[in-house]
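The values are calculated or read from the model by the stated rules, or taken from the named source; none is laboratory data. Since we're looking at a predicted model, the values are computed, not measured. Quick reminder, even Gly has a Cβ in these numbers, built from the backbone with ideal geometry, and neighbours come from all protein chains shown.
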Amino acid sequence: MIGSYVKTSRRNLVRNKLFSFINIFGLAVSMSVGLLVIAFIVDLRSYDDFQEKKDRTYRVITTYQELDNAPVDLASTSVKVGKKIRETIAGIQDVTILRNGFSGDAHVNETILPLDALWADNSFFKVFTFPLIEGDPATALTEPYSLVLTEKTAKKLFGDVDPLGKIVRFDTLNYTVTGIAKDVPKLSHIRFEALVSFATADALLAKKDPNFYSWENVWQNYVYIVLPENTTNGPLQASLNDLNTRENAAIKNKRFTVALQPLKEAALGRKLGNSIGPTMIPLVAWILGGLAFVIILSACFNYTNLSIARSLRRSREVGIRKINGALKSHVLGQFMVEAVIISLLALVFSFGLFLFLRTQFLALDSHISDLVSLGLSPRIILYFIGLAVLVGLAAGFFPALFFARINAIKVIKDASSMKVFQRVNMRKALIVIQYTLSLMFIATTLIGYNQYRAFISFDLGFATDNILNIRLQGNKGNVLAKELSGIPAVRDVSQSMMITSLGSMQGSRMKYTDPRDSAMVWLNKVDEHYLPVHNHKLIAGKNFTLRPKKGEESEIIVNEQVLKRFNITKRNPEEALGKLVTVDGKKLAIVGVLKDFHYGTMDQKIEPVMFHYSADEPWGYLNVKIGSTDLPGTMASIENAWRKVDKIHPLDAKFYDDQIELAYNQFSVMVKVIGFIAFLAICIASLGLFGMVVFTTETRLKEISIRKVLGASEAGLIYLLSKGFLTLLMVATLVALPATYLFFDKVVLVNFAYHQPIGLSGLLMGVVIVMFLAFLLIGSQTLKAARRNPAKILKSE
């Protein structure tokens, strides 16, 4: 029976080449997106699968809240938490404490390699499955100045020489290689080039920082716990709650609450600050899955529409089958098998499309390529086949059900008496739904693109054009500035701790006259050249003059929002000059007031900001104002100047405007993804519409011929045949545009403090595009039908 189903399906596909092509192509395009999403989600859900104790491993996370401010969720916690759990809580199999921030240049003879590492205690290899090729995992991270390298790092530093027991120098300190670990798998939320024993941090950091073991020092440390088999985390969380109560009782105005997070949620889980590795919130996976579902559903609509539309042609086939003894289940099986075969054929083409889309998707954003690899495995191939079968069953269900209910006697007697057009309303509804979704996607893409362009061209309140920001990477800014001063194209140079308006933010607590009233004020440490280079507008006071000596910083420049927040002055900014504010316990005098500018990104309101001239070295960045008609030559000269200062690290320099574009890259990526989905949606919908128009014109050829004989014009016939479809498109427009507008106005753009109003052009452009495509499809086929010779069609009547 199955063989008969397959043979009949093959014959039907060959007999109806156009409709078979539309169905196979539409399903192939839509399933390629489904394959991409499957590979993406499988990668996300496969994170840390190689960890042997993953089902029993938990990370301790922290919620930090100060006064009545909103709580901040962190993936990090304090060293004290790890020590307290180890010392006071029973029923724990293993605890390990990590710390990030170890970086420097590793020196081995003449080889110098910039290296990033984690501090890890001697329980690290008991908790995590990172096998050692050489060394003893029980002792490799016990002693101070012990160093474990990955295979790749060891190869770079030592070549083919056995590195175990060798010395690696960082600055003036020597570290002994005590282990070589296998390279960290891509799908690991913990990534490292090397591990340094936590005892080293005890020896180096704890002596300098009295708060190293403080309950409040939660910014760089990570604690992981392994529970014994067949136990739950409930008792442990209860013990952590007691620990929270005891420790927070000794703190004023702040609260640090620690909780447990399963290891499997470290990469695919809720958004946390200070994440130690790549992360993705589940909502993104759901959105991508939803978009893929909509596209696949659209292709299934095409299949359903075309199958039911062609029911008159296949009804006699079904009637004869039933008269010869076929049951409803047999007919149902025939059409379901046919749909699955079409879907499996589509899978072959969609796999080729997937391979192409995979490369493009990974190239969209460095965060995506860092997060997933989208590699193939037997499990993923099975998922692909399962998707194809599922799509085939979904697409073929309604047509199969429809044909299974056909009355064989009525069909054989008079096929035209079959009540096919009971399904007309459903077919119309499917077309309206398809085009509604297509219009919404197109409008979303256009509105999103307009917002993105507005964000990157927004007036920030200071100049960014022709400014090259060079990351100093530990070098002294004044030394590099001196080298750059000899380049004719370099107009001016300033130094800053950070680059504002890109999303990175750093703040300090500020107080004015009331010691109980403090607020977080965003901070940037700059020199006296910074304001002129960036063309910041001083509305009162003066710029910084001379660089202060260490410990003698006394001046500060603030923006208008600071004056408003602390009610320093209501009207005249000049009155604020000379006023003393307290920043992190130090009294500073306001010497200048800046016109408000954007310190953060466009989703954030303009907030209080202060500029501070610090004596600290090294600075984070050099800001170079360039005026050149030979940019490649200027960049080569800057590269040469950098090499004189730093022969190890490559030059890391980006133009400010490019950095702003990069800051909104995730928004740009989302626009591109939705734009691509919009393109697919309109292609699939148009294919379905094309098939329906072709079928409708074929079934109405005699009617068209009779109307022509009676004097109907070509224009009248085109209007007659196309008005039904155009009416459906207008209905889709009336549904899609208000829905899209409300979605952006009430849901999306409310999250952005500064955004452009939604213009009619963004909404109507999609309608124009869809109507133009639809008119071409409908008009070409109806004109072709209207120009047919009626004598040839009616000669046998």
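Can you tell me which residue in the stretch 687-722 is surrounded by the most Cβ atoms within 10 Å (Cβ to Cβ), limited to those that are touching a Phe, Trp or Tyr at 6+ places or on another chain (Cβ under 9 Å) and small (Gly, Ala, Ser)?
So the residue we want is Gly688.
Quick one: how many residues across the stretch 649-704 are assigned to a helix (DSSP H, G or I), small (Gly, Ala, Ser) and over 30 Å from Phe40 (Cα atoms)?
1
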Exercise. Find all pairs meeting these conditions: Cβ atoms under 6 angstrom apart; at least six residues apart or on different chains; first residue within the stretch 262-291 and free of Cβ contacts under 8 Å to residues at least 40 places away in the same chain; second residue surrounded by fewer than 20 Cβ atoms within 10 Å (Cβ to Cβ).
Key: Ile281/Lys271
Quiz item: Pairs, please: C-beta under 7 Å, at least 6 apart or cross-chain, first residue in contact (Cβ under 8 Å) with a residue 60 or more places away in the chain and in the stretch 545-560, second crowded, with 20+ Cβ neighbours inside 10 Å and part of a loop (DSSP other than H, G, I, E, B)?
Solution: Arg547/Asp527; Arg547/Tyr613; Pro548/Tyr613; Glu553/Tyr613
Practice problem: Could you please let me know if Val218 is in contact with a strand residue (DSSP E or B) (Cβ under 7 Å, 6 or more places away or on another chain), part of a loop (DSSP other than H, G, I, E, B) and either surrounded by 15 or more Cβ atoms within 10 Å (Cβ to Cβ) or of a type in the set (Asp, Glu) (or both)? | Solution: yes
Quiz prompt | Among the candidates Asp43, Asp55, Asp49, residue that is outside any helix (DSSP H, G or I), more than 29 Å from Phe212 (Cβ to Cβ) and of a type in the set (D, E, K, R) | solution = Asp49
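Do the conditions hold for Gly585, that is, is it assigned by TED's automatic domain parsing to the domain that holds Asn543 and over 30 Å from Asp171 (Cα atoms)?
Yes, satisfied.
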Quiz prompt | the stretch 564-582, residues that are within 17 Å of Gly507 (Cα to Cα) and either among the basic types (Lys, Arg) or surrounded by fewer than 21 Cβ atoms within 10 Å (Cβ to Cβ) (or both) | solution = Arg565, Thr582
Quiz item: Quick one: which of Asn469, Asn450, Asn475 is at pLDDT 85 or above and either part of a strand (DSSP E or B) or touching a His at 6+ places or on another chain (Cβ under 7 Å) (or both)?
Solution: Asn469
Practice problem: Could you tell me which residue of the stretch 175-204 is modelled with the lowest pLDDT, considering only residues that are part of a helix (DSSP H, G or I) and among the small types (Gly, Ala, Ser)? | Solution: Ala203
Exercise. At least 3 residues that are under 21 Å from His536 (Cα atoms) and over 35 Å from the mean Cα position of the chain (by Cα) in each: list the strands (runs of 3 or more DSSP E) lying fully within the stretch 552-607 that qualify.
Key: 555-559, 586-594
Practice problem: Specify which of the listed residues (Gly688, Gly620) is modelled with pLDDT of 80 or more, touching a Leu at 6+ places or on another chain (Cβ under 8 Å) and not hydrophobic (A, V, I, L, M, F, W, C). | Solution: Gly620
Quiz item: Thr445 versus (1) at pLDDT below 85; (2) in the same structural domain as Leu306 (by TED's automatic domain parsing); (3) not aliphatic (A, V, I, L, M): which is the lone unmet condition?
Solution: (1)
Exercise. Restrict the check to the stretch 280-289 and report whether at least one residue is surrounded by 14 or more Cβ atoms within 10 Å (Cβ to Cβ) and at pLDDT 90 or above.
Key: no
Self-check item: strands (runs of 3 or more DSSP E) (entirely within the stretch 483-532) containing at least 3 residues that are touching a Lys or Arg at 6+ places or on another chain (Cβ under 8 Å) and of a type outside the set (D, E, K, R)
Solution: 490-496, 518-525
Exercise. Please enumerate the residues belonging to the stretch 768-797 that are outside any helix (DSSP H, G or I) and of a type in the set (Ser, Thr, Tyr).
Key: Ser796
Practice problem: Could you identify the single residue in Ser76, Ser123 that is over 20 Å from Pro235 (Cβ atoms), over 30 Å from the mean Cα position of the chain (by Cα) and hydroxyl-bearing (Ser, Thr, Tyr)? | Solution: Ser123
Quiz prompt | Filter pass, Asp171 being closer than 26 Å to Leu227 by Cα, among the acidic types (Asp, Glu) and surrounded by fewer than 16 Cβ atoms within 10 Å (Cβ to Cβ) | solution = no
Self-check item: Output for the stretch 763-788, where each listed residue is loosely packed, with under 14 Cβ neighbours inside 10 Å and either in contact with a His (Cβ under 8 Å, 6 or more places away or on another chain) or in contact (Cβ under 8 Å) with a residue 40 or more places away in the chain (or both)
Solution: Lys784, Arg787
Quiz prompt | Search result, residues across the stretch 753-767 that are hydrophobic (A, V, I, L, M, F, W, C) and either in a helix (DSSP H, G or I) or at pLDDT below 80 (or both) | solution = Ala753, Leu760, Leu763, Leu764, Met765, Val767
Quiz item: Only one of (1) surrounded by 13 or more Cβ atoms within 10 Å (Cβ to Cβ); (2) part of a strand (DSSP E or B) is not met by Thr231, so which one is it?
Solution: (2)
Quiz item: In this structure, does Val750 turn out to be among the β-branched types (Val, Ile, Thr), within 23 Å of Asp603 (Cα to Cα) and part of a helix (DSSP H, G or I)?
Solution: yes
Practice problem: Run Ile638 past the list (1) under 33 Å from the mean Cα position of the chain (by Cα); (2) outside the structural domain of Ser20 (by TED's automatic domain parsing) and report the number of the one that doesn't hold. | Solution: (1)
Quiz item: How about the stretch 583-603: which of its residues are in contact with a His (Cβ under 9 Å, 6 or more places away or on another chain) and buried (at least 16 other Cβ atoms within 10 Å of the Cβ)?
Solution: Val583, Leu588, Leu594, Phe597, Met602
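Does the stretch 239-246 contain at least one residue that is assigned to a loop (DSSP other than H, G, I, E, B), crowded, with 16+ Cβ neighbours inside 10 Å and not assigned by TED's automatic domain parsing to the domain that holds Ala395? Full working, then the answer.
Step one: of the stretch 239-246, the residues assigned to a loop (DSSP other than H, G, I, E, B) are none.
So far as the stretch 239-246 goes, no, none of its residues is assigned to a loop (DSSP other than H, G, I, E, B), crowded, with 16+ Cβ neighbours inside 10 Å and not assigned by TED's automatic domain parsing to the domain that holds Ala395.
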Quiz item: Restricted to the stretch 157-167, and to residues that are surrounded by 15 or more Cβ atoms within 10 Å (Cβ to Cβ) and touching an Asp or Glu at 6+ places or on another chain (Cβ under 9 Å), which residue is nearest to Ala199 (Cα to Cα)?
Solution: Leu164
Quiz item: Of the conditions (1) modelled with pLDDT of 85 or more; (2) not assigned by TED's automatic domain parsing to the domain that holds Pro185, Arg59 fails just one. Which one is it?
Solution: (2)
Self-check item: The lone exception for Lys271 - which of (1) of a type in the set (Lys, Arg); (2) in contact with a helix residue (DSSP H, G or I) (Cβ under 7 Å, 6 or more places away or on another chain); (3) in a loop (DSSP other than H, G, I, E, B) it fails
Solution: (2)
Self-check item: Restricting the stretch 512-544 to residues that are of a type in the set (Lys, Arg) and in contact (Cβ under 8 Å) with a residue 60 or more places away in the chain, the residue that is surrounded by the fewest Cβ atoms within 10 Å (Cβ to Cβ)
Solution: Lys537
